[in-house]
Amino acid sequence: MQLIDGKKISKEIRDELKAEVELLKKQGRQVCLAVIQVGKDTASSVYVNNKKKACAYIGIESAAYELEESTTEGEVLQLIDRLNQDNHVNGILVQLPLPGHIDEDKVIRAISPEKDVDGFHPVSVGRLWIGEKGFLSCTPAGIIQLLKRSGISIDGKECVIVGRSNIVGKPMAALLLRENGTVTIAHSHTKDLKEVTKRADILIVAIGKKQFITADYVKDGAVVIDVGMHRDENNKLCGDVAFDEVAEKTSAITPVPGGVGPMTIAMLMNNCVETARK
């Protein structure tokens with residue numbers, strides 16, 4: 001059983017990007033990411049901090065806009081409009097979730113698709129599905145890198161995704177199709193879920209339920225990628241997969257923490273550098 005090390009692979013990617021950013025700087029091209037956070041959500045603050053650290057490591061300038069919880073939707077949209085027009089800013093990221101009085105969909109649509117480093121804008125999503133160049137959703141793009149850099153071929157494999165969110169499930173399906181995988185998306189209305197997941201050569205779980213996938217959902221020798229992040233009864237981090245019992249059935253599996261998580265930020269950084277590659 002191969003343990004897929006997301007920390008190690010994300011470090012490889014960050015080091016490659018660091019070298020690339022140094023070259024871009026020599027050509028007089030700077031990369032700048034604007035990060036907008038509204039309110040003081042604790043988890044969001046941790047994510048924003050990690051993004052700032054990653055920027056500093058790679059040599060990307062980060063401009064942080066930490067706004068009060070009471071900031072109006074109009075004020076956030078005005079700020080995005082200003083950043084869209086600022087030639088110094090390559091990428092714009094709005095940390096979700098936003099406070100209830102702000103429409104997330106409106107905010108995502110306000111970001112210029114050319115600066116949408118999260119890959120959430122409908123234009124980015126459309127480009128992904130029709131195979132045009134554009135920003136890829138960071139978590140699914142990270143999972144593709146985990147597989148490729150672990151020597152796991154996707155071509156012709158039976159791939160099952162559990163979960164159909166706009167952030168993971170749907171874009172994951174598009175990226176696996178791009179790599180010539182045969183793709184099934186399963187979800188809460190899927191009949192005989194175990195029968196479906198047991199067909200998978202590559203099983204990607206993004207269901208948001210703690211340790212939901214047990215050994216009887218998994219075929220012998222499958223590759224299992226766990227996107228979940230929860231705390232168990234002992235307050236230890238765990239995923240959507242019951243790791244201890246599933247691991248021994250797999251040929252490769254990601255741990256939680258240290259699997260998919262670090263890859264999301266590495267691919268966000270890759271998207272930022274992509275803005276300067278052009």
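Any read-out appearing in this document is the output of simple, stated calculations on the displayed coordinates, not a laboratory observation. From a predicted model like this one, the values you see are computed outputs, not experimental measurements. All Cβ positions, even for glycine, are placed from backbone atoms using ideal geometry, and neighbour counts span all protein chains on display.
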What full-extension length gain, to one decimal in nm, is calculated for Glu158 and Lys26 as 0.36 nm per residue of separation minus the Cα-Cα distance? 43.1 nm
Let a ≥ b ≥ c be the square roots of the eigenvalues of the Cα gyration tensor of the stretch 28-112; is it rounded (a/c under 1.5), or, if not, prolate (a/b larger than b/c) or oblate? oblate
For the chain, percent of DSSP beta bridges that are antiparallel (nearest 5) comes out at 5
Crossing angle, helix 42-58 versus the chain [Cα axis fit, 0-90 degrees, rounded to tens]: 80
Between Ala222 and residues 5 or more places away or on another chain, which pairs have amide H atoms under 5 Å apart, with H built 1.01 Å from N, and which residues are they? Ser251
Please compare each pair in Lys148/Lys198; Lys18/Lys210; Lys8/Lys40 to a cut-off of 28 Å on the Cα-Cα distance and tell me which ones are over it. Lys18/Lys210; Lys8/Lys40
In degrees between 0 and 90, to the nearest 10, how far off the longest principal axis of the chain does helix 6-26 point, with axes built from Cα atoms? 30
Taking a label point 7 Å from the Cα of Leu3 along the Cα→Cβ vector, which residues of the stretch 150-181 have an amide N closer than 19 Å to it? 150-152
Degrees separating the helix 73-85 axis from the principal Cα axis of the chain, which is the longest one: 80
Give me the one-decimal nm value for the distance between modelled label points at Glu12 and Asn50, 7 Å along each residue's Cα-to-Cβ direction. 2.0
Summing -39500 (n - 2.57) over every DSSP H run of at least 4 residues in the chain and dividing by its residue count gives a helix-only mean residue ellipticity at 222 nm, to the nearest 500 deg cm²/dmol, of -13000 deg cm²/dmol
